[in-house]
Amino acid sequence: MISDRIKTNLKSTFSSSLLPKVGLALLLIMVFFSVFAPVLATHNPTSTGNFDENGQPYPPLGMEYTTDVATGGEIQEVTISPTSEHYLGTNNVGQDVFSRFLYGARISIVVGLVGTILALVIGVPFGLVSGYYGGRVDAGMMRIADVMLAFPALILALALIGVFGKSPVQMPDPIVMAGFAEGMPASVPIPGTVTIVVALVTWVWFARVARGEALSLRNQEYVKAAESFGASNRTILKKHVLPNSLTPIIVLATIQVAVIILIEASLAYLGFSGTTLSWGYEIERGQDLLRTRPWISALPGIGIMLTVIGVNLLGDWLRDALDPNIEGGQRGA
């Protein structure tokens, strides 16, 4: 249950500050793009060959660039102009940049949310059991967590992907299946292995936070009272320890969504995602063309930046509102 104090802090900190409003707006926009990508997209994101008459990718509206083209056995400098059919241009294989941006938002948000939920499911019970039982149980379980922390997240993710391979999961698109977006992909490949891997490399943070809460709560009077009435350890953990540990876990989960989005983008940039409909993949595709065709990498980069900023701003708001030292939006003594 959310206490009245927390509800008051949530409302007061949100209404008194512009930053959480900006964060919420950014995140809602990205979620809107993600959900309605088939309707908003102007072209099939996997369709290639959308070039001008010179075989060059289109620039965004309001931009043009010059390049050398072989014409009649001679090299000539030509100016490539935009077209209203591709108002954010096309990439180096002739795919519509705006359409791929929309579908990239879907991949990032799905991986971020599902990966965070999986990390929660693994890490929170692990940490609660470790902290509540203490002693040798706690020492042994925390050594496992320390081993996981000893490896950099990206390196460990690469190693796990090398073991399990790339396993994209085809996610059916209900909007397309309902007939509201003809010509769009009927399913979207979600990087299944990456989603599981990011959970395996981030669960330890939830475990350590949950352990710290369990250590402090196991000596509380209501826990001791439950024990004296014969309640099982499972019941105590479920009904008393877990509900009172949710505040820092919720804050961490919000921040971890942004962390997982960055990890997924990094893996996609390195070619380990298992899907080409990813912002990280688009950045890699256009990195060699930044001087002449910067829009290929710029738009997905902006998408990652805005999404991460939005999530972090909401995380900061939750942290301030849920902090037990804050009363009415102000820090107490």
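The values are calculated or read from the model by the stated rules, or taken from the named source; none is laboratory data. On a predicted model such as this, the values are computed, not experimentally measured, just so you know. All Cβ positions, even for glycine, are placed from backbone atoms using ideal geometry, and neighbour counts span all protein chains on display. Side chains are part of the model used for accessible areas, which takes the heavy atoms of the whole protein and leaves out ligands, DNA and RNA. Shrake-Rupley method; radii C 1.70, N 1.55, O 1.52, S 1.80 Å.
Considering only Ile304, Ile29, Ile263, the mean-square fluctuation computed in a Gaussian network model of the chain, springs between alpha carbons under 10 angstrom, is largest for Ile29.
Could you grab the relative contact order for region 1-90? Cα pairs under 8 Å, six or more apart, rounded to a whole percent. Result for region 1-90 is 21 percent.
Across all Cα pairs in region 129-287, the calculated P(r) in 5 Å bins from zero up to the longest distance comes to 2, 8, 13, 14, 14, 12, 11, 9, 7, 5, 3, 1, 0 percent per bin. Using only the C-alpha atoms, the convex hull of the chain corresponds to 181 Å³ per residue.
Compute the accessible area per residue over the chain, keeping the other protein chains in place, probe 1.4 Å, unit Å².
50
Past the 17 angstrom mark, what percentage of all C-alpha to C-alpha distances in region 244-290 do you count? Each step should come with its number before you reach the end.
Working: 506 of 1081 pairs.
Value for region 244-290: 47 percent of Cα pairs lie more than 17 Å apart.
So how tilted is helix 246-269 from the main axis of the chain? Cα-based, degrees 0 to 90, rounded to 10. Approximately 30 degrees, to the nearest 10.
The 1.4 Å probe gives accessible areas that order Met30, Met148, largest first, as Met148, Met30. Here region 189-333 exposes an accessible surface that is 59 percent carbon and sulfur, computed with a 1.4 Å probe and the other protein chains kept in place.
In angstrom, the C-alpha Rg and Dmax of region 2-84 are 23.7, 78.
Equivalent-ellipsoid semi-axes for region 93-171 (Cα gyration tensor, √(5λ), whole Å, largest first): 36, 16, 10. Each of the chymotrypsin sites (Phe, Trp or Tyr not before Pro) that DSSP puts in a loop and that has at most 14 other Cβ atoms within 10 Å breaks the chain; the longest unbroken stretch is 1-179.
Considering lysine pairs in the chain that are 8 or more places apart or on different chains, how many have Cα atoms under 23 Å apart? Eligible lysine pairs with Cα atoms under 23 Å apart amount to 6. Given their separation in residues at 0.36 nm each and the Cα-Cα distance between them, Lys7 and Ala178 gain 57.6 nm when the chain is fully extended. Taking only protein heavy atoms and a 1.4 Å probe, the accessible area of region 1-159 is 66% carbon and sulfur.
Would you kindly state the longest site-free stretch of the chain, with sites defined as GluC sites (Glu not before Pro) in a DSSP loop (not H, G, I, E, B) surrounded by at most 12 other Cβ atoms within 10 Å? Mind showing how you got there, number by number?
Details: sites that count: Glu53, Glu64, Glu85, Glu182.
Between exposed loop sites, the widest span is 183-333.
Using C-alpha pairs below 8 Å separated by at least 6 residues, the relative contact order for the chain is 25 percent. With all pairs of different C-alpha atoms in the average, the Kirkwood value for the hydrodynamic radius of region 224-313 is 16.1 Å. Remark: the Lys239-Val35 segment gains 69.9 nm on full extension, using 0.36 nm per residue and subtracting the alpha carbon distance.
How much length would be gained if the chain were fully extended between Glu74 and Phe164, taking 0.36 nm per residue of separation minus their Cα-Cα distance, in nm to one decimal? List each step's numbers first, then the result.
Values: separation 90, 0.36 × 90 = 32.40 nm, distance 5.04 nm.
27.4 nm is the gain from fully extending Glu74 to Phe164.
Summing Lys and Arg as +1 and Asp and Glu as -1 over all other residues whose Cβ lies under 15 Å from the Cβ of Leu149 gives a net charge of +2.
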